[in-house]
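Q: Mind having a look at this structure? Questions to follow.
The values are calculated or read from the model by the stated rules, or taken from the named source; none is laboratory data. Everything numeric here is computed off the predicted structure, so don't read it as measured data. Cβ placement follows ideal geometry from the backbone for every residue including glycine, while neighbour counts extend to all protein chains displayed. Note: areas computed on protein heavy atoms with side chains; ligands, DNA, RNA excluded. Shrake-Rupley method; radii C 1.70, N 1.55, O 1.52, S 1.80 Å.
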Amino acid sequence: MKIPLIQVDAFASDPFHGNPAAVCFLDAWLPDAILQAIALENNLSETAFTVPTDNGFELRWFTPKDEVPLCGHATMGAAKALFDSERVVSDRITFQTRSSGQLMVHRDKQLLWMDFPNLPASPRARHVDVDSPGRCPATRWHLHGMPDDPSGEGSLTRTWTRPALVGSSPV
């Protein structure tokens, strides 16, 4: 079986910059174990898999270890690969995902625009080891409705680190 595979550097204008992702074009879904093995073989942060539908494409993302609920750069990479391969003739792609619902990517000349899911977020406390060099306080934002939330409600966690002033200056 031959599966078209393209490696795309998202968020970059030159090769070997940005966030790399593999994109595989499928005619129908393969077993999850095969998708996982392909992602492991690619050994990139994410491999995106697309399957055409009547209204666009189904889209799933796998890391070398497991399937993930959402991946922005692999979605943009999949859109770029689909546009470049002329599998899409319009300036809009609709992706249907299992965990994040419908995602849309629009093309405007050489630029791609993506609509992310609108999920509510709430800050939660996080333990930070203040004795570790290079660590500073952080806030975690949990986007409700996503898998892997210990509360059972589901959430996607992003962490932003606030800058910290470290060092001394003469008085």
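Q: What full-extension length gain, to one decimal in nm, is calculated for S90 and K2 as 0.36 nm per residue of separation minus the Cα-Cα distance?
A: Gain in length upon complete extension: 29.0 nm.
Q: May I pose another question? Using a 1.4 Å probe on the protein heavy atoms only, what accessible surface does T63 show? Give it in Å² to the nearest 10.
A: Accessible area of T63: about 20 Å².
Q: Could you work out how far apart the two model spin labels at K65 and F16 are, taking each label as a point 7 Å from the Cα in the direction of the beta carbon, and quote it in nm?
A: A separation of 2.9 nm, rounded to one decimal place.
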